[in-house]
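All remarks here apply to the structure that follows.
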Amino acid sequence: MTDTYLNLVNSGFTKTLAKRLGLPRPAVLRRHVPGAPLVPGAVLVLSDPASAADADAVAAQLVDWDLDVRRHGGPDDRFGAVVLVLTEVGAPADLGEPMLRMGAVLRGLVPGGRVVTVSRSPQPHAQQGADGAAVPPLVAAARQGVDGMLRSLAKELRAGATGNGIVLAADVGVGAPSAVGALRFLLSGRSAFVDGQLVHVGSDGGSVPTDWDRPLDGTVAVVTGAARGIGAAIARTLARDGATLVVVDVPAAGDALAQVANEVRGTAVQLDVTAEDAATRLLEHVTARHGHVDVVVHNAGILRDKLLVNMTPEKWDPVLAVNVTAPLRITETLLGSGSFGPAPRIVCLASTSGIAGNRGQTNYAASKAGVIGMVRASARPLAAAGGTINAVAPGFIETDMTARIPFATREVARRLNSLQQGGRPIDVAETIAFLASPQAGGINGEVVRVCGQNLVGA
């Protein structure tokens, strides 16, 4: 769906008029373009004194990517990104000096620029079985302070710039594959609609791909609900990154599903994911065609919105069945079958409704919150199998479904985030592709929101 207002305030006479009238002017976001630079300008790397060694390592990594890396900047300099390394910060008072140095250069951040913090978790990260040692209160306060700072800074950035953070577990270095992979993702145009988020890296699992443009080469991926919208975008993006696709949707969407399958040169499976034999049929298809599966994206989902006082079983039960019961059943079957490859990746579609709630969506929010619960509870079994499971929680995304929302309601929902616009299906797909990649092997049991940093609730 086209955002007419965004187009008007970014072109021709209406752009000038909007500026003169002081109207909000959401920016055209910097998205991934094949062959374009990873960052549109120099990258400034800052740190507190205690984190200098890690900052040096981050700077060296950026140089390896042929980026123009600076260690000092002034108010007249222009930067494509600022990376602030605070991995060894020891007290809240230590945050001031590096933060103020960063603040002094932010007016020079180019449109679509990036701010990325690299810090450590204030708590032991136990999701993969390591309980870890307790963090002293003074240190925990400083580390948690990075969280609040980053989320606030992201709301201050303008012109399509975003602010996100990477939070490392105690025993994870800045050179771990997922620390490196997350840094590259957050600096790139692939993270255009990810804003105000902190990505937790819990282990040094995973591996850096030999080809950053095709990290999924040689993998087999299943995407449910792939006939249109976000699901079709996921299939196209995974295929672009090298995966062989098996796309799944209900028989009623057969024609559209076949078109997607042809486009990505994959195979189509017409299947109701709520059927008792759905997991078995999907498993039979995948093993017969490919022998195994590496990536599963549980994207299929439905809405049946109604206030709870007017809710009926016909509107409640199908939403739970499609959105959360089916992913639970399919995941259990695949894990028990031994058909996963050596590093399975499962990515589920949650929603900001499952985090913050939404009027008229008690059924949908219950299902999407259930997905988050499933992801967190499944992280340890997946880690034991050498894999990961994560969720992506989209906010307002421009789809056929949101196009049917009444105009006034749609405009409010679209603008109430830091980027003042809706995301695109490709924005969700890019984040899923990252979580499915080998460089995300140290990220497990996490929920990454793709919402432009909603200003209300989540």
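May I ask you to work out the translational diffusion coefficient for the range 1-84 at 4 °C, viscosity 1.567 mPa s, via Stokes-Einstein with Rh from the Kirkwood sum over Cα pairs, reported in whole µm²/s?
On the way: Rh = 15.7 Å.
Answer from the Stokes-Einstein relation: 82 µm²/s.
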**Prompt:** Mind listing the phi-derived Karplus ³J(HN,Hα) values for the range 68-77, rounded to whole Hz, using 6.51, -1.76 and 1.60 with θ = phi - 60°, and x for any glycine or proline?
**Reply:** 7, 9, 10, 10, 9, x, x, x, 9, 7
**Request:** If a/c stays under 1.5 just call it rounded; otherwise compare a/b with b/c (prolate if a/b is bigger, oblate if not). Do that for the range 188-233, with a ≥ b ≥ c from the square roots of the Cα gyration tensor eigenvalues.
**Result:** oblate
**Request:** For the range 25-148, build the charge dipole from Cβ charges (+1 Lys, Arg; -1 Asp, Glu) around the Cα centre, then report which of Val89, Gln123, Val110 sits farthest towards its positive end.
**Result:** Val110
**Message:** So if I place +1 on the C-beta of Lys and Arg and -1 on the C-beta of Asp and Glu, and nothing else carries charge, what would the dipole magnitude of the range 113-193 be about its Cα centre? I want it in debye, nearest 20.
**Reply:** 380 debye
**Request:** Could you check the simple spin-label distance between Asp400 and Ala275, using points 7 Å along Cα→Cβ, in nm with one decimal?
**Result:** 2.1 nm
**Prompt:** For the range 60-105, with every protein chain kept in place, what is the accessible area per residue (1.4 Å probe, Å²)?
**Reply:** 50 Å²
**Request:** Would you please state the base-10 log of I(q)/I(0) at q = 0.14, 0.17, 0.24 1/Å for the range 81-161, with intensities from the Debye formula using one equal scatterer on every alpha carbon?
**Result:** -0.53, -0.72, -1.13
**Request:** Post the alpha-carbon centroid distance, the range 395-458 to the range 58-112, in whole angstrom.
**Result:** 27 Å
**Asked** Taking H as built 1.01 Å from N, whose amide H comes closer than 5 Å to the amide H of Leu109, not counting residues under 5 places away?
**Response** Phe79
**Prompt:** What ³J(HN,Hα) values, in whole Hz, does the Karplus curve 6.51 cos²θ - 1.76 cosθ + 1.60 give for the range 385-397 when θ = phi - 60°, with x put for Gly and Pro?
**Reply:** 8, x, x, 9, 9, 9, 10, 10, 10, x, x, 7, 10
**Item:** Backbone HN-Hα couplings from phi across the range 162-174 [Karplus 6.51/-1.76/1.60, Hz, Gly and Pro as x]
**Value:** 10, x, 9, x, 10, 10, 9, 5, 4, 9, 10, x, 5
**Item:** Assigned charges on the beta-carbon of Lys, Arg, Asp, Glu; the range 316-435 dipole about Cα centre (debye)
**Value:** 200 debye
**Request:** Between Glu156 and Met311, with labels modelled 7 Å along Cα→Cβ, what's the label distance in nm to one decimal, could you check?
**Result:** 4.1 nm
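Percent of alpha carbon pairs in the chain separated by more than 33 Å?
35 percent
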**Request:** Can you give me the three principal axis dimensions of the range 170-252 from its C-alpha atoms, in Å, biggest first?
**Result:** 49, 30, 22
**Request:** Please give the contour-minus-distance gain from Arg380 to Asp76: 0.36 nm per residue of separation, less the Cα-Cα distance, rounded to one decimal in nm.
**Result:** 104.6 nm
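Which number gives the lysine pairs in the chain that have C-alpha atoms under 25 Å apart and are eight or more places apart or on different chains?
Numbers: Lys15/Lys155; Lys19/Lys155; Lys306/Lys315; Lys306/Lys368; Lys315/Lys368.
Within the chain, the lysine pair count is 5.
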**Asked** What net charge is computed for the residues neighbouring Ala391, neighbours being all others with C-beta under 11 Å from the C-beta of Ala391, Lys and Arg scored +1, Asp and Glu -1?
**Response** +2
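How high is the FRET efficiency between Ala321 and Asp64 when r is their beta carbon distance and R₀ equals 41 Å, given to the nearest 0.05? Let's see the in-between values first.
Working: r = 48 Å, r/R0 = 1.16.
My answer for the efficiency is 0.30.
Listed highest first by mean packing, meaning other Cβ atoms within 10 Å per residue, what order do 368-378, 172-182, 254-264 come in? Mind dumping the intermediate values first?
Details: 368-378: 19.8, 172-182: 23.5, 254-264: 17.2.
With the highest mean Cβ count within 10 Å placed first, the list reads 172-182, 368-378, 254-264.
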**Prompt:** Which of the listed residues, Ser11, Leu198, Asn390, is farthest toward the dipole's positive end in the chain, when Lys, Arg count +1 and Asp, Glu count -1 at the beta-carbon?
**Reply:** Ser11
**Cα-derived Rg to Rh of the range 1-145, Kirkwood definition** = 1.08
**Label-point gap, in nm, between Asn262 and Ala93 - each point 7 angstrom along Cα→Cβ** = 7.0 nm
**Message:** How big is the range 237-373 along each principal axis, measuring the range of its Cα positions in Å and listing the largest first?
**Reply:** 48, 32, 29
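Counting Lys and Arg as +1 and Asp and Glu as -1, each charge on the Cβ, what is the dipole of the chain about the Cα centre in debye, to the nearest 20? Can you show the working numbers first?
On the way: 41 positive and 40 negative charges, 310 e Å.
Approximately 1480 debye in magnitude.
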**Request:** Starting with the highest mean, order 193-202, 325-334, 149-158, 108-117 by the number of other Cβ atoms within 10 Å, averaged over the residues of each peptide.
**Result:** 193-202, 108-117, 325-334, 149-158
**Request:** Output the peptides 386-393, 400-407 sorted from most to least packed, where packing is the average of other Cβ atoms within 10 Å over each peptide's residues.
**Result:** 386-393, 400-407
**Request:** Pull up all non-local amide H partners of Val199: gap of 5 or more, or a different chain, and H-to-H distance under 5 Å with H placed in the peptide plane.
**Result:** Gly165, Ile166, Val167
**Request:** Return the long-range amide H neighbours of Val447 (sequence gap of 5 or more, or a different chain), with a cut-off of under 5 Å between placed amide H atoms.
**Result:** Ala391
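The values are calculated or read from the model by the stated rules, or taken from the named source; none is laboratory data. Quantities reported herein were computed from a predicted structural model and do not represent experimental measurements. Cβ atoms come from the backbone with ideal geometry, glycine included; neighbour counts cover every protein chain shown. What goes into the accessible areas is simple: the full protein's heavy atoms, side chains included, and nothing from ligands, DNA or RNA. Shrake-Rupley method; radii C 1.70, N 1.55, O 1.52, S 1.80 Å.
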